[in-house]
Amino acid sequence: MAAKVQVVEVSSSSELDTAISSYVVQGYVLANKTPASATMIKKKEFNVLWAVIGFIVCLLPLLIYLIVYAADSDKVVEIRVSGSGVSGTSGQENLSEIDRLNDLHDRKVISDEEFEAQKKKLLG
């Protein structure tokens, strides 16, 4: 990419020297000087500190999300109608319900404690 050229006009040679001094303080280097003009250059620099800060700023939210995601677990909700007149279930229905719970347990959808509690509830 080509360098941008900024033109600054001054009215006298003493102002030229003052302008040169102020640009040297800003990190410019005097490349060429004539009695009527001066060329100053400031090369671009790669700043490692800013690169590290940018990397951390982008990486930190990602790490936080990954930690929250790893700590979270699947959630299961079973909704039943209470007082619907279905008070008891047959043994066959209990077995199929236990099979369903076992399948959920095998897929790690419900924990060991939840599985045992539901199984005890079904078996009486």
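The values are calculated or read from the model by the stated rules, or taken from the named source; none is laboratory data. Keep in mind it's a predicted model, so treat the numbers as computed, not measured. Cβ atoms come from the backbone with ideal geometry, glycine included; neighbour counts cover every protein chain shown.
The residues of the range 39-63 that are over 22 Å from Ser21 (Cβ atoms) and polar (S, T, N, Q) amount to a single one, Asn47.
If you go through the range 99-124 one residue at a time, how many are of a type in the set (Lys, Arg) and assigned to a helix (DSSP H, G or I)?
Taking the range 99-124 and keeping what is of a type in the set (Lys, Arg), we get 100, 107-108, 119-121.
Of the ones still in play, those that are also assigned to a helix (DSSP H, G or I) are 100, 119-121.
The qualifying residues number 4.
Only one of the numbered conditions (1) farther than 30 Å from Lys121 by Cα; (2) at pLDDT 85 or above is violated by Lys4, and that is (2).
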